[in-house]
Amino acid sequence: MNSYATPAVPVPADAAPAPDVNQVLGSMHTNNFPELLRQLRSCLLVSTYQAGKLVILRPDGASINTHFRNFTRPMGMAADTERLALGTSIEIAEFRNMPAVAKRLQDPPRHDAVYMARRGHITGAIDIHEMAWDKHGDLWFVNTLFSCLCTLDTKSSFVPRWRPRFVSHYAPEDRCHLNGLGMRDGKPRYLTALGDSNEPQGWRKNKRDGGLLIDMATDRIITRGLSMPHSPRWYEGKLWVLESGRGKLVTIDPKSGEKSDFASVPGFARGLDFLGPLAFIGLSQLRESNAFTDIEITDDNRDRQSGVWVVHLDTGKTIALLKFTGAVQEIFAVQAVPGVLFPEIISEGEYLTNSYALPDEALREVGFTQPKPDAIATPGNGYATDPAGSDAATGP
C-alpha cells in the first residue's frame, strides 16, 4: 500500500476563526416556514464550518426547532431517510437511521428518525466540499485540496476518480478550488470551480469572475466567467447553479452554456436543494478577512444575511426565510430530507452503547427469557436496550 504525506497542510482558503461560544445560537423565521416543511414532509440539514455545527431545522408547531450538533468543521453532506454522510475536518462520518431508538429519546415520542453514528473514514485534511451518493450507493465527494473528485475504499485515505483536464497532477495545493458537485441520472455529472488554474492557489488571481462549470461526462467546460459558482444541481430538466459572488440563483443551458439569472438573495449564496416547487438556498455573511471578498456582492450589498431563503420556482420570488441572528454567520450546505420531519443525530453517549443494528435475519431470532412489554425494535429498524438496563426488543 503506497502512501503520500505532506509535512504541513495549508490552511483552507475559506477557513474561519473559532466560533465565540458566548454568542447565542439564535434564529428567526417567517411564519410560513414551519408549515412549508410540514406540507413537504421534510426537515432541512444545514452545515456551518464557521460555527462548527450541523443544524437540523425541524417544524415544531408554529415554530422551527433549530437543533444544533457539534462537529469539527462540517461541510459537505448527503442524507436520505436511511443514512447520513458528513464531511468534517479530517474524516467522513457516516450515520444510519435506527427508528427503533426514537421511543427512548423523549416522552411522549416525537422523533421520526434517529441517525446513529456507524463509522468514520479518515481522509486527512483535504477540505472536503460537496458530496452525493450515486445510483449504486457509492459516495462521491469533492477533494478541494487535491483538486479532484473522489470515492472511498477500505485502504486509502481517498480514491481520486476524476480531475479537471487543466490540472496536470494531484497535489495538496488547491489549484482551482473545485467545490460543487451535481448528480444527473444517478451519476456525478456537473462540477464547479473558482478558476482554471494549474498553479497552487492560482484561482485566487481572478476570483471575482473566473469561475467555471464543467461537464464531467464530456470533460468540457460549459460556462466560464462565473462569480464564485457553487452547488450545481440538475432538477426538473434544468441545470441550476448558485453564483455565490453575486447572490444569484441562475440556470445554465448545458449545451450552449448560456446563463440566465433566476433569483436574487441578500447574501453569499452557498448550499442549495430543491423540494417540489421550492429552492432552499443557504446564505452567508462575509467576514472582512475572508478570502471570498473583492466580489460583486461585497460591493452591492452591505446588509448581508445568514440563513436559509426559500425561492418559488414559478416566480423566482422569496416566499419564506430563516435567518440566524447569533454565532452562525456562514452556511456551507443545505440538504432536504424528504419523509423525515423531526430527526435526531447521535454521535456519542449511552444510546450508542445500548443500541444495536442487526440484519433482519438475525433480528428474527433475537429474544429474551423474560420478554419485556415495551418492545421497540422491528426487522429493519435495529435493536435497542434500555440504558437503565431493561431490555426491549421483538422479532416478527
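Which one is surrounded by the most Cβ atoms within 10 Å (Cβ to Cβ), of the residues in segment 319-362 that are small (Gly, Ala, Ser) and without any contact (Cβ under 8 Å) to a residue 60 or more places away in the chain?
First pass over segment 319-362, keeping only residues small (Gly, Ala, Ser): 320, 326-327, 333, 336, 339, 347, 349, 355, 357, 362.
This time we only want the ones that are without any contact (Cβ under 8 Å) to a residue 60 or more places away in the chain, so: 349, 362.
Working: Gly349: 10, Ala362: 12.
Filtering first and then ranking leaves Ala362.
Does Leu86 satisfy the criteria of being farther than 30 Å from Ala193 by Cβ, aliphatic (A, V, I, L, M) and at pLDDT 90 or above? Walk me through how you get there before you give the answer.
On the way: farther than 30 Å from Ala193 by Cβ: no; aliphatic (A, V, I, L, M): yes; at pLDDT 90 or above: yes.
Answer is no for this residue.
Do you know which of the residues in segment 71-98 that are in a strand (DSSP E or B) and touching a Gly at 6+ places or on another chain (Cβ under 6 Å) is surrounded by the fewest Cβ atoms within 10 Å (Cβ to Cβ)?
From segment 71-98, those in a strand (DSSP E or B) are 77-79, 83-87, 91-97; that's our starting set.
Filter again for touching a Gly at 6+ places or on another chain (Cβ under 6 Å), leaving 87, 91, 93.
Numbers: Gly87: 31, Glu91: 19, Ala93: 21.
Filtering first and then ranking leaves Glu91.
So, Phe262, is that one aromatic (Phe, Trp, Tyr) and modelled with pLDDT under 95 or not? Talk me through it step by step, then tell me what you get.
On the way: aromatic (Phe, Trp, Tyr): yes; modelled with pLDDT under 95: no.
Criteria not met by Phe262.
Of the residues that sit in segment 179-196 and are under 16 Å from the mean Cα position of the chain (by Cα) and either aliphatic (A, V, I, L, M) or over 19 Å from Gln335 (Cβ atoms) (or both), which one is surrounded by the fewest Cβ atoms within 10 Å (Cβ to Cβ)?
Per the stated criteria, the residue is Met183.
I'd like to verify a number: residues in segment 99-119 that are among the charged types (D, E, K, R) and assigned to a strand (DSSP E or B), how many?
2
Does segment 35-55 hold any residues that are over 14 Å from the mean Cα position of the chain (by Cα) and either part of a strand (DSSP E or B) or at pLDDT 95 or above (or both), and which are they?
Correct list: Glu35, Leu36, Leu37, Arg38, Gln39, Leu40, Arg41, Ser42.
Just name the residue that is surrounded by the fewest Cβ atoms within 10 Å (Cβ to Cβ) out of those in segment 217-260 that are over 21 Å from the mean Cα position of the chain (by Cα) and of a type in the set (A, V, I, L, M, F, W, C).
Ala217
For Thr30, work out the one condition from (1) among the β-branched types (Val, Ile, Thr); (2) in contact (Cβ under 8 Å) with a residue 60 or more places away in the chain; (3) buried (at least 21 other Cβ atoms within 10 Å of the Cβ); (4) over 19 Å from Ser355 (Cβ atoms) it doesn't fulfil.
Of the numbered conditions (1) among the β-branched types (Val, Ile, Thr); (2) in contact (Cβ under 8 Å) with a residue 60 or more places away in the chain; (3) buried (at least 21 other Cβ atoms within 10 Å of the Cβ); (4) over 19 Å from Ser355 (Cβ atoms), the odd one out for Thr30 is (3).
Between Ser156, Ser147, which is within 23 Å of Ala85 (Cβ to Cβ) and buried (at least 21 other Cβ atoms within 10 Å of the Cβ)?
Working: Ser156 fails: buried (at least 21 other Cβ atoms within 10 Å of the Cβ).
Just a single option satisfies the conditions, and that option is Ser147.
Looking only at segment 120-179, which residues are in contact (Cβ under 8 Å) with a residue 40 or more places away in the chain, among the hydrophobic types (A, V, I, L, M, F, W, C) and in a loop (DSSP other than H, G, I, E, B)?
Ala125, Ile126, Leu145, Leu152
Of Asp219, Asp215, Asp185, which residue is more than 21 Å from Gln285 (Cα to Cα) and either without any contact (Cβ under 8 Å) to a residue 40 or more places away in the chain or touching a Cys at 6+ places or on another chain (Cβ under 6 Å) (or both)? Talk me through it step by step, then tell me what you get.
Details: Asp219 fails: either without any contact (Cβ under 8 Å) to a residue 40 or more places away in the chain or touching a Cys at 6+ places or on another chain (Cβ under 6 Å) (or both); Asp185 fails: either without any contact (Cβ under 8 Å) to a residue 40 or more places away in the chain or touching a Cys at 6+ places or on another chain (Cβ under 6 Å) (or both).
Going through Asp219, Asp215, Asp185 in turn, the sole match is Asp215.
Kindly establish whether Arg58 is closer than 26 Å to Lys323 by Cα, of a type in the set (D, E, K, R), in a loop (DSSP other than H, G, I, E, B) and in the same structural domain as Ala171 (by TED's automatic domain parsing). Don't jump to the end; show me each part of the working.
Details: closer than 26 Å to Lys323 by Cα: yes; of a type in the set (D, E, K, R): yes; in a loop (DSSP other than H, G, I, E, B): no; in the same structural domain as Ala171 (by TED's automatic domain parsing): yes.
The answer is no for Arg58.
Among the numbered criteria (1) over 29 Å from Gly237 (Cβ atoms); (2) buried (at least 21 other Cβ atoms within 10 Å of the Cβ); (3) in contact with a strand residue (DSSP E or B) (Cβ under 7 Å, 6 or more places away or on another chain), which one does Asp127 miss?
Evaluating Asp127 over (1) over 29 Å from Gly237 (Cβ atoms); (2) buried (at least 21 other Cβ atoms within 10 Å of the Cβ); (3) in contact with a strand residue (DSSP E or B) (Cβ under 7 Å, 6 or more places away or on another chain) leaves (3) as the failure.
The values are calculated or read from the model by the stated rules, or taken from the named source; none is laboratory data. Keep in mind that this is a model prediction, so the values were computed, not measured. Note that each Cβ is placed from the backbone with ideal geometry, even for glycine, and that neighbours are counted across all protein chains shown.
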